[in-house]
Amino acid sequence: MAIAVFDIGKTNRKLSLVDAGAIRHTVAAPNRSLPSPPYLHYDAEAIWRFLLKGLRDFAQKAKIADIVVVAHGAAGALIDAEGGLALPILDYEHPLEDPEYDAVAAPFTETYAPPMANGLNVGRQLHWQARQFPEGFARTRHFLTYPQYWSFRLSGVAACEATSLACHTGLWRPAGGGFSSFVDRMGWRDLFPPLVKADAVLGPVLPEIRKETGLPEDCRVRAGIHDSSASFLRHRLSRPLPFAVASTGTWVVCMAAGADPHGLPENRNCLANVDALGTPVPCCVFMGGREFSLLTKDLNGAITTLDAIDAVVARGSILVPPVAETGGPFAHLAAGGPRGAGIKSQEESVARASLYLALMTDYCFDLIKAAGPIVVEGSLIGNTAFLRGLAALRAPEPVLVSKDATGTISGAVTLAGERIPDEPLEVEPLEQPIAAYRRAWREALPA
């Protein structure tokens with residue numbers, strides 16, 4: 001019996017067919033957002049058409065027993081009494097000014113949700129929408145976080161789930177469990193449907209969707225899970241504490257299993273997620289994938305070499321954050337950029353950008369007091385300079401690289417009782433001494 005995993009990232013959406021412990025087919029498309037009116041928002045109907053077509057094609061290849069939705073955080077849907085959208089699904093990159101939210105938000109020590117740019121705090125989104133669009137907000141019967149919105153459209157059953165509620169939304173108490181004081185202050189508890197676990201079966205696929213796609217009558221829809229939490233889950237189920245995970249994509253999400261969220265710094269984009277078992281997980285995030293794309297966009301696909309990496313380290317050529325207007329520990333500070341000796345080739349430019357990612361990841365792990373081996377998965381598993389640089393920075397703890405560039409899918413299928421085998425390989429650290437390079441970078445960081 002096969003499993004369909006619908007993975008909605010910020011940049012791309014993918015539908016994968018997993019059967020007998022392997023990903024058999026994947027279809028993907030870029031996401032795009034629609035401009036105002038009323039604000040920058042996700043093209044939900046284009047995503048829905050993509051999903052239905054993919055399910056229809058996959059249903060001809062295998063009998064699908066389960067559908068699991070995985071989606072990024074910082075998004076959610078306001079659902080009206082008829083099951084439609086009361087307002088469009090806001091794109092978290094929409095410029096969103098709401099100073100009143102900061103006055104009513106629950107404190108960081110309760111939610112471990114730092115103030116983030118634009119709509120990255122879902123609580124800020126809701127507060128802004130309620131005030132800017134009171135008529136649409138008044139029509140809202142349910143608020144659904146992003147994975148559960150798509151599961152609702154497939155099953156007709158509304159539910160909420162802790163990994164999605166807890167990911168820097170300001171709506172949840174990761175350490176104590178339950179909704180935050182902000183939710184009660186706003187009188188919004190009734191907006192949230194019943195809480196279920198990520199692996200809960202909401203029901204079978206709706207009859208009209210079965211008719212359109214050819215899915216079997218007993219095809220189950222699971223509640224779904226936040227994407228970084230999906231990546232984390234398979235390691236949590238198979239690895240002793242403590243350990244850490246770097247889930248890489250548009251965002252690099254650093255997660256410390258077995259660490260205590262108490263004492264997380266409030267001003268460095270640190271937060272606490274909740275894993276699928278209900279345990280708080282200290283995290284620190286930065287938009288590493290987006291930054292790397294910006295840093296290397298004019299390099300014509302150049303790749304780096306060990307000689308180029310050694311040259312960059314030896315000459316002390318560094319990139320100081322923030323290097324772009326993206327989220328991270330140094331967001332909203334004066335722009336950084338190149339420091340030290342210049343770059344002499346495209347290969348060295350890629351090496352410097354890759355080492356910047358390694359330095360940032362190492363710094364994030366220190367902020368959240370990560371211990372034990374580190375597993376890297378996602379889009380950066382093929383970046384040798386990043387991996388070997390990180391391994392040198394974290395020594396003597398090992399850095400392991402997953403063979404799975406789609407950790408979200410491997411994590412998602414565990415919710416339906418399936419496993420995709422993966423034995424991460426240990427990364428060989430750079431031979432070039434990197435301590436002085438790291439020290440120079442940290443000394444150059446903004447206060």
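Read-outs throughout are calculated quantities, based only on the coordinates presented, and are distinct from any laboratory measurement. Note that this is a predicted model, so its numbers are computed, not measured. All Cβ positions, glycine included, derive from the backbone under ideal geometry; neighbour counts span all protein chains shown.
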Arg438, Arg189 arranged by Cβ crowding within 10 Å, fewest neighbours leading: Arg189, Arg438
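How high is the relative contact order of the chain? Use alpha-carbon pairs under 8 Å, at least six apart in sequence, and give a whole percent.
With pairs under 8 Å counted, the relative contact order is 15 percent.
If r is the Cβ-Cβ distance from Leu445 to Ala81 and R0 is 56 Å, what FRET efficiency results, to the nearest 0.05?
Result of the calculation: an efficiency of 0.65.
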Coarse-grained scattering of the chain at q = 0.06, 0.08, 0.09 Å⁻¹, given as base-10 log I(q)/I(0) from a Debye sum over alpha-carbon atoms: -0.25, -0.44, -0.56
Cα gyration tensor category, rounded, prolate or oblate, for segment 177-305 with a/c compared to 1.5: oblate
Positive-end residue of Ala341, Gln432, Ala311, charge dipole of segment 228-444 with Cβ unit charges: Ala341
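Applying a 10 Å radius around every beta-carbon, put 217-228, 20-31 in order of their mean neighbour count, most first.
Details: 217-228: 25.1, 20-31: 13.3.
The densest-packed peptide leads the list: 217-228, 20-31.
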Packing-based ranking, highest mean first, of 65-75, 325-335, 376-386 given that Cβ atoms within 10 Å are counted: 65-75, 376-386, 325-335
Estimated [θ] at 222 nm from DSSP helical runs (n ≥ 4, -39500 (n - 2.57)) normalised by residues in the chain, nearest 500: -9500 deg cm²/dmol
Segment 355-370 versus segment 77-108: alpha-carbon centroid distance in Å: 31 Å
Part-to-part distance (alpha-carbon centres) for segment 319-347 and segment 1-37, which is given in Å: 32 Å
For Val399, net neighbour charge (Lys/Arg +1, Asp/Glu -1) across residues whose Cβ lies under 13 Å away: -3
Kirkwood Rh and Cα Rg combined as Rg/Rh, segment 1-55: 1.09
Length-normalised contact order of segment 2-223 in % [C-alpha pairs under 8 Å, at least 6 apart]: 21 percent
Pairwise centroid distance, computed over Cα atoms, of segment 115-190 with segment 406-447, Å: 31 Å
Long-range Cα-Cα pairs in segment 2-223 (distance over 27 Å), rounded percent: 32 percent
Dipole moment magnitude, nearest 20 debye, the chain about Cα centre, only Lys, Arg, Asp, Glu C-beta charged: 320 debye
Per-selection Kirkwood Rh - segment 329-447 (Cα, Å, 1 d.p.): 15.9 Å
Segment 228-444: equivalent-ellipsoid semi-axes (sqrt of 5 x gyration tensor eigenvalues, Cα, Å): 28, 19, 16
Relative contact order %, segment 231-341, counting alpha carbon pairs below 8 Å whose residues are six or more apart: 21 percent
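Going highest first, how would you order 391-404, 158-171 by mean Cβ packing within 10 Å?
158-171, 391-404
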Separation of the Asp260 and Ile303 label points, Cα + 7 Å toward Cβ, nm: 4.5 nm
